[in-house]
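One structure is given below, encoded as structure tokens.
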Amino acid sequence: MADSDHRRLILRNFLSQQLCKELEFIHKSCCTVGYRPNVFSTTLSHLIATNSAQLVMPLVSIRERLKEKAEEHFGCEYELFIEFTGLISWCKGASIGWHSDDNREYLKQRDFAVVCYLNSYEIDFKGGLFHFQDGEPSTFAPMAGDVLIYTADNKNIHCVSEITEGERTTLTLWLTRDASHDEDAKLVKSLSDCWVVNNPPIASCYPVEASNSMYWYPPEEASVFQSGFDIRCGRLHVFGFDIYSECCCSSSNNLLELLKEPLRLARGDELLPWKFVNIFHALQAVQFYYWMKGSKEKRISRMMRIIFTHFLDIDGACNLTNLVFLLHSLSGKLILPSVQTHVKQIIDRDVTAILILSWMHLSGARLANILSSMMKRKTAQAALSRMFMFKGQINSKESNSINHFNAKILHRKTILIIRALLIAIGVAR
Ligand SMILES: O=C(O)CCC(=O)C(=O)O
Ligand SMILES: [Fe+2]
């Protein structure tokens, strides 16, 4: 096989449409203004920092699956590490010229790029075609669920044409051989910190502000909106919602400060009854509702059943003051007719609070889950590195970097056997 056959891989329909929608929901609930004009991004550390760690959960297994695909395709005889994970969207006006992904000194550790497309060319956005400078395919039209994996070096010079309409969303990862750039190590640390601070974990599921990059200047309207606007307000505005603040404190002149305070949403002349703890909370509620509304009813009722079953396990302890976004999608107008009757009965019995509590419980459990699964993985990875070291007789100076290790010593097959053993003894998953 020619070298060029090895440098890239296309996986069609690798992610289900449902999963693409879920990831889009997460991004639109939590993104910040990105690193380039008209680009928005959601990093995993941002999800954790905004007290939304439960939203990291759907990404855990996807990241693993993608990494394994890359290891397999590129015949890696060593384990790769995820260097960066981000949900990224490009709006009208965004593009990128010819480049390789390791083209800066501080990006040299990047070995492979993995781009998962979460929505589709010509359906959700126009423009935004991916081109390789040479080799096949020369052009790639993104479709939801497809994945493109390529080496990050100059064998894969590429560009993306300008987005002319809509918002193009991806889940993008970079993989590295260099253990010192392992993103998981940082994530496990911030998750553990959040565990320590929130004891019991996730005392509340309210999202909190964690970034200053929320201000955006839309390209064409920059002259009209002299100072740009908050991206969360922008996203709510798209669905026709305005912000109504009840806060009349001295800081009320400052919009950014106001958005951190409790607020309500208005739609046209109607002021909606629910109070949100801050703009993030309101945005998550609205995005959650539209995500659910767009999904198949069967899925919703299944989810309802899971929630109901879950709350039935919890005996009675209620805390009516803790409202979380799930409640908003369950109460009153924000609900599909098919589940309305069911929900009404529940609400009639005044178990709203238990629902809320169950969501908190669920989030807490998810957090515990993610933390332990990541830790187990790290333990397994460390065990693997130790075996590498033993076999390759690597000295301790090199012990934190598989990169320096002579990769030929241990064949990938052996790694798989070891991994299977670790799974069997319950160290890995
Ligand atoms: O989104 C894509 O298709 C690729 C983006 C890209 O080339 C980059 O972020 O370096
Ligand atoms: Fe790139």
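Quick one: in region 278-300, which of the residues that are touching a Lys or Arg at 6+ places or on another chain (Cβ under 9 Å) and over 16 Å from Phe239 (Cβ atoms) is modelled with the lowest pLDDT? Can you show your working first?
Step one: list which residues in region 278-300 are touching a Lys or Arg at 6+ places or on another chain (Cβ under 9 Å), which gives 278-280, 282-283, 286-287, 290-292, 294-295, 300.
Within this subset, residues satisfying the condition of being over 16 Å from Phe239 (Cβ atoms) are 278, 295, 300.
Numbers: Asn278: 85, Ser295: 63, Ile300: 52.
If we take residues in region 278-300 being touching a Lys or Arg at 6+ places or on another chain (Cβ under 9 Å) and over 16 Å from Phe239 (Cβ atoms), then Ile300 is modelled with the lowest pLDDT.
How many residues does region 129-141 hold that are within 13 Å of ligand 2 (Cβ to nearest atom) and within 13 Å of Arg168 (Cβ to Cβ)? Break it down stepwise before answering.
At the first step, the residues of region 129-141 found to be within 13 Å of ligand 2 (Cβ to nearest atom) are 130-133, 140.
Adding the requirement that they be within 13 Å of Arg168 (Cβ to Cβ) leaves 130, 140.
Number satisfying all stated conditions: 2.
Right, Asn103: away from ligand 1 (no atom under 11 Å from the Cβ) and part of a loop (DSSP other than H, G, I, E, B) or not?
Working: away from ligand 1 (no atom under 11 Å from the Cβ): no; part of a loop (DSSP other than H, G, I, E, B): yes.
No, not satisfied.
Go through region 155-211 residue by residue and tally those that are more than 16 Å from ligand 2 (Cβ to nearest atom) and either modelled with pLDDT of 80 or more or within 22 Å of the chain's Cα centre (by Cα) (or both). Steps first, answer last, please.
As a first pass, look at region 155-211 and keep what is more than 16 Å from ligand 2 (Cβ to nearest atom): 164-167, 177-211.
Now restrict to residues that are either modelled with pLDDT of 80 or more or within 22 Å of the chain's Cα centre (by Cα) (or both): 164-167, 177-195, 198, 201-211.
Within region 155-211, residues that are more than 16 Å from ligand 2 (Cβ to nearest atom) and either modelled with pLDDT of 80 or more or within 22 Å of the chain's Cα centre (by Cα) (or both) number 35.
Report yes if some residue within region 29-38 is within 16 Å of ligand 2 (Cβ to nearest atom) and in a helix (DSSP H, G or I); otherwise report no.
The answer is no; no qualifying residue exists.
I'm told Ala179 meets every condition in (1) surrounded by fewer than 16 Cβ atoms within 10 Å (Cβ to Cβ); (2) over 30 Å from Ser95 (Cβ atoms) except one. Can you identify the failing condition by its number?
(1)
So the check is Cβ under 8 Å with 6+ separation or different chains; which pairs have a first residue in region 168-185 that's in a helix (DSSP H, G or I) and away from ligand 1 (no atom under 15 Å from the Cβ) and a second one that's at pLDDT 95 or above and among the aromatic types (Phe, Trp, Tyr)?
From region 168-185, the pairs are Glu183/Phe84.
Report yes if some residue within region 124-143 is within 12 Å of ligand 1 (Cβ to nearest atom) and closer than 21 Å to Glu68 by Cα; otherwise report no.
Checked against the condition, which is being within 12 Å of ligand 1 (Cβ to nearest atom) and closer than 21 Å to Glu68 by Cα, region 124-143 yields no hits at all.
If Glu71 satisfies all but one of (1) under 30 Å from Val238 (Cβ atoms); (2) assigned to a helix (DSSP H, G or I); (3) touching a residue at least 60 places away in the same chain (Cβ under 8 Å), what's the number of the condition it fails?
In the conditions (1) under 30 Å from Val238 (Cβ atoms); (2) assigned to a helix (DSSP H, G or I); (3) touching a residue at least 60 places away in the same chain (Cβ under 8 Å), Glu71 misses (1) alone.
Answer yes if at least one residue in region 47-59 is buried (at least 21 other Cβ atoms within 10 Å of the Cβ), at pLDDT 95 or above and closer than 22 Å to Cys31 by Cα, and no otherwise.
Scanning region 47-59, I find no residue that is buried (at least 21 other Cβ atoms within 10 Å of the Cβ), at pLDDT 95 or above and closer than 22 Å to Cys31 by Cα, so the answer is no.
Given the criteria surrounded by fewer than 19 Cβ atoms within 10 Å (Cβ to Cβ) and within 12 Å of ligand 1 (Cβ to nearest atom), does Gly97 qualify? Don't jump to the end; show me each part of the working.
On the way: surrounded by fewer than 19 Cβ atoms within 10 Å (Cβ to Cβ): yes; within 12 Å of ligand 1 (Cβ to nearest atom): yes.
Judged against the criteria, Gly97 is a match.
Scan region 125-157 residue by residue and report those that are touching a Phe, Trp or Tyr at 6+ places or on another chain (Cβ under 7 Å), more than 26 Å from Ser16 (Cβ to Cβ) and buried (at least 16 other Cβ atoms within 10 Å of the Cβ).
Across region 125-157, the qualifying residues are Thr151, Ala152, Asn156, Ile157.
How many residues does region 69-120 hold that are away from ligand 2 (no atom under 16 Å from the Cβ) and over 21 Å from the mean Cα position of the chain (by Cα)?
Residues flagged as away from ligand 2 (no atom under 16 Å from the Cβ) and over 21 Å from the mean Cα position of the chain (by Cα) within region 69-120 amount to 12.
Scan Ser161, Ser120 and give me the residue that is closer than 24 Å to Cys20 by Cα and within 11 Å of ligand 1 (Cβ to nearest atom).
On the way: Ser120 fails: within 11 Å of ligand 1 (Cβ to nearest atom).
Answer to the check: Ser161.
For a quick check of your reading of the model, give me the residue pairs whose first member lies in region 76-105 and is free of Cβ contacts under 8 Å to residues at least 60 places away in the same chain, whose second is basic (Lys, Arg) and more than 13 Å from ligand 1 (Cβ to nearest atom), with beta-carbon atoms closer than 9 Å and at least 6 apart or on different chains.
Ser100/Lys155; Asp102/Lys108
The values are calculated or read from the model by the stated rules, or taken from the named source; none is laboratory data. Values in this document were obtained by computation on a predicted structure and should not be read as measured data. FYI the Cβ positions are ideal-geometry reconstructions off the backbone, even for glycines, and counts take in every protein chain you see.
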